[in-house]
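S.K.: One structure is given below, represented as structure tokens, and several questions about it will come after.
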Amino acid sequence: MRALTLPPALRIARRTGFRAALQATAALRRFTADVDQTIVLSGRPRSGTTWLGWMVCRMTGYPAITEPLMLTSLPDEIKQRYGLRWRMDRRHDADDPELTGFLRSILAGTLLLPSFFPPRPSTFARLAAGSPLVVKFCRANLLLPFLHAQFPRNRTVLLVRNPFATAASQLALGQWDHVDELVPIFVRSNVPCW
């Protein structure tokens, strides 16, 4: 893999801050990534998608877009326009040109938001050059059939980790501090446990 050098505008933007570097990258981006070459990684939170994403980026040299559907990081106008919500789904045969266009802009790297990237100069240089992307989702598993129907040639990896290990990791990080409130609901619902 050859070394990438930062264009002069990016070197200046790097000194002025991350948001400026991202804006400079968007302005410099002459090419969009080929959606068919984009690698989509999806899995549950704490299932190893970040670790797998790092490995794939390291092996391919592709830059990563992380968590583009993280609602806490998206502007309200984007969430409302595309009807985005946590763990959203669409049938594979759904006709939703607005959502398809939004997902295409993510997979092609034409929609760039500061929350999508780790602040690394090599990421900006590769984005500006139109490199294919690795796009990592944690809450898009139910959206994968729709995503595959719209973009059938891109490469998709659904990472499945032992659910007990995932839950243990989430508990260790305090992401499930409210689980004691949920247990009585499951017990009262007469859901068979086997």
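No value in this document is a laboratory result; all are computed from the given coordinates. All values reported here derive from a predicted model rather than from experimental measurement. Neighbour counts run over all protein chains shown; Cβ positions are idealised from the backbone, glycine included.
S.K.: Summarise the long-distance tail of P(r) for segment 54-104 by giving the % of C-alpha pairs beyond 19 Å. Before the final figure, lay out the partial values.
M.R.: Details: 521 of 1275 pairs.
Value for segment 54-104: 41 percent of Cα pairs lie more than 19 Å apart.
S.K.: Run the numbers for Ala149 and Asp96: contour at 0.36 nm per residue of separation, minus the present Cα-Cα distance, in nm.
M.R.: Numbers: separation 53, 0.36 × 53 = 19.08 nm, distance 1.16 nm.
Contour length minus the Cα-Cα distance gives 17.9 nm.
S.K.: I need the calculated FRET efficiency for the pair Ala168 and Asp89, taking r as the beta carbon distance and R₀ as 30 Å, to the nearest 0.05.
M.R.: Numbers: r = 26 Å, r/R0 = 0.88.
After rounding, the FRET efficiency stands at 0.70.
S.K.: May I ask you to compute the full-extension gain from Arg161 to Arg58, defined as 0.36 nm times their residue separation minus their alpha-carbon distance, rounded to one decimal in nm?
M.R.: Numbers: separation 103, 0.36 × 103 = 37.08 nm, distance 2.15 nm.
Between Arg161 and Arg58, full extension yields 34.9 nm more.
S.K.: For Arg155, list long-range residues whose amide hydrogen, built 1.01 Å from N in the peptide plane, is under 5 Å from its own amide hydrogen.
M.R.: Long-range HN contacts for Arg155: Thr38, Val40.
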